[in-house]
Amino acid sequence: MSQSFLESVQARRTYYGISKEAVVSDEKIVELVNEAVKHSPSSFNSQSARAVVLLGENHDKLWSIVLEALRAIVPADQFASTEGRIASFNNGYGTILFFEDHNVVAGLQQQFPSYADNFPLWSHQSSGMLQFVVWNLLEEVGFGASLQHYNPLIDEKVKATFGLPESWGLIAQMPFGKPTAEPGEKTFQPLEDRVKVFK
């Protein structure tokens, strides 16, 4: 492991205070996502990950979808805090949506039936690795980001709005923007409770 990679891992944080100010070009953002999708590992080299980069009015449109979906289920007397939280994500520069293609997963289940039950789990693990890579790359160029999960509440509306294939299953949403506030303090549980070494 290179020190630069470790430093990147250590520096990655969750940012809720973000703005619409550009840090790098849109082309650079797309380049980073493309490289992450291309090089992040996947089981059986399935390459089942899919990503959607939402910028400008499309970023705003996503968070309007989320807000309206929540309005239908959150009690009115509790909605103000929900609205504020969604506004904080909408304040960002863009959002990356992470999907897994269920058709790819189903194809692997048919091809390798003895592993059929594992492929959905491995698919989510692959998506998690992609999310981590993208999050670190955004952090390295100066963006702050967080990882959100409003699926499956918004899944069908998102696919219809952006014309995405039905086989794409939404996994997570990553709003990002220029940091406007410091992240909360990072605390750690004792490593001796979390890591065991046997020689």
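Every residue, every condition in (1) among the acidic types (Asp, Glu); (2) under 14 Å from ILE154 (Cα atoms); (3) touching a helix residue (DSSP H, G or I) at 6+ places or on another chain (Cβ under 6 Å); (4) free of Cβ contacts under 8 Å to residues at least 60 places away in the same chain, yes or no:
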position: ARG50; (1), (2), (3), (4): no, no, no, no
position: GLU57; (1), (2), (3), (4): yes, no, no, yes
position: ARG71; (1), (2), (3), (4): no, yes, no, yes
position: VAL74; (1), (2), (3), (4): no, no, yes, yes
position: ALA80; (1), (2), (3), (4): no, no, no, yes
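All conditions in (1) within 15 Å of LEU137 (Cβ to Cβ); (2) open to solvent by less than 60 Å² (accessible area, probe 1.4 Å) hold for HIS39, with the sole exception of (2).
Quick grid of which residues meet (1) farther than 27 Å from VAL30 by Cα; (2) in contact with a helix residue (DSSP H, G or I) (Cβ under 8 Å, 6 or more places away or on another chain); (3) at pLDDT below 95; (4) surrounded by fewer than 22 Cβ atoms within 10 Å (Cβ to Cβ):
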site	(1), (2), (3), (4)
THR95	no, yes, no, no
PHE98	no, yes, no, no
TRP122	no, yes, no, yes
SER127	no, no, no, no
LEU130	no, yes, no, no
VAL133	no, yes, no, yes
LEU137	no, yes, no, yes
SER146	no, yes, no, yes
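What residue, among those in the stretch 108-120 that are under 9 Å from SER43 (Cβ atoms) and part of a helix (DSSP H, G or I), is least open to solvent (accessible area, probe 1.4 Å)? Once the filter is applied, the top-ranked residue is PHE119. In summary, VAL105 fulfils each of the numbered conditions (1) open to solvent by 20 Å² or more (accessible area, probe 1.4 Å); (2) without any contact (Cβ under 8 Å) to a residue 60 or more places away in the chain with the single exception of condition (1).
Considering ALA11, ALA87, the condition of being under 18 Å from the mean Cα position of the chain (by Cα), at pLDDT below 95 and exposed (fewer than 12 other Cβ atoms within 10 Å of the Cβ) is satisfied by ALA11 alone.
The values are calculated or read from the model by the stated rules, or taken from the named source; none is laboratory data. Computed from a predicted structure; not experimentally measured. Counting neighbours? That spans all protein chains shown, and the Cβs are built from the backbone with ideal geometry, glycine included. Surface areas here come from the heavy atoms of the whole protein model, side chains and all, with no ligands, DNA or RNA. Shrake-Rupley method; radii C 1.70, N 1.55, O 1.52, S 1.80 Å.
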